[in-house]
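The values are calculated or read from the model by the stated rules, or taken from the named source; none is laboratory data. The model shown is predicted, which means the values in this text are computed figures rather than measured ones. Note that each Cβ is placed from the backbone with ideal geometry, even for glycine, and that neighbours are counted across all protein chains shown. In case anyone asks, the SASA skips ligands and DNA or RNA and just uses the protein heavy atoms, side chains included. Shrake-Rupley method; radii C 1.70, N 1.55, O 1.52, S 1.80 Å.
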Amino acid sequence: MNAEPGTPSEFEALANALRVVLREDREGRREIDLLADASFRLWLNNAAERIAAAAMIPLARLHALLGDFLSIATHAVSTARQTYRDEKRRYRRFPRS
């Protein structure tokens, strides 16, 4: 256990090297996320085009329908959550027997 402590310059060099590696890793992950998002959007648009062609409806109408369904589903989920919270609060107001 008689390890000699390194000089402060060695620690600073190691800390700087770690900072550089972590910054490069963070930038690489950010780039991968951006590429994945762009790839997903391209795939989704391609799938929508194929569905529109198979159903013989305009692509814009398909996008409008999907937007409507998404809006309805989002509203239904938020309504269900609010109802659950309200019922939970109402139940907690009465003492348990």
Original post:
List the pairs whose first member sits in region 32-60 and is touching a residue at least 12 places away in the same chain (Cβ under 8 Å), whose second member is open to solvent by less than 100 Å² (accessible area, probe 1.4 Å) and not aliphatic (A, V, I, L, M), and whose Cβ atoms are under 7 Å apart, counting only residues at least 6 apart or on separate chains?
Top reply: Ala48/His63
Subject >> Members of region 28-78 found to be within 19 Å of the chain's Cα centre (by Cα) and among the charged types (D, E, K, R), listed by number >> reply: Arg29, Arg30, Glu31, Asp33, Asp37, Arg41
Subject >> Arg19 over 18 Å from the mean Cα position of the chain (by Cα), basic (Lys, Arg) and at pLDDT below 85 >> reply: no
Subject >> Residues satisfying the stated conditions in region 54-64, i.e. open to solvent by less than 70 Å² (accessible area, probe 1.4 Å), part of a helix (DSSP H, G or I) and modelled with pLDDT under 90 >> reply: Ala55, Leu59, Leu62
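Which residues, counting only those in region 33-45, are open to solvent by 80 Å² or more (accessible area, probe 1.4 Å) and not aromatic (Phe, Trp, Tyr)?
In the first step, residues of region 33-45 are kept if they are open to solvent by 80 Å² or more (accessible area, probe 1.4 Å); the result is 33-35, 40-44.
Asp33, Leu34, Leu35, Arg41, Leu42, Leu44 - these are the residues of region 33-45 that are open to solvent by 80 Å² or more (accessible area, probe 1.4 Å) and not aromatic (Phe, Trp, Tyr).
Just one of Ala48, Ala80 is open to solvent by less than 80 Å² (accessible area, probe 1.4 Å), small (Gly, Ala, Ser) and modelled with pLDDT of 90 or more; which is it? Write out each step before concluding.
Details: Ala48 fails: modelled with pLDDT of 90 or more.
The match here is Ala80.
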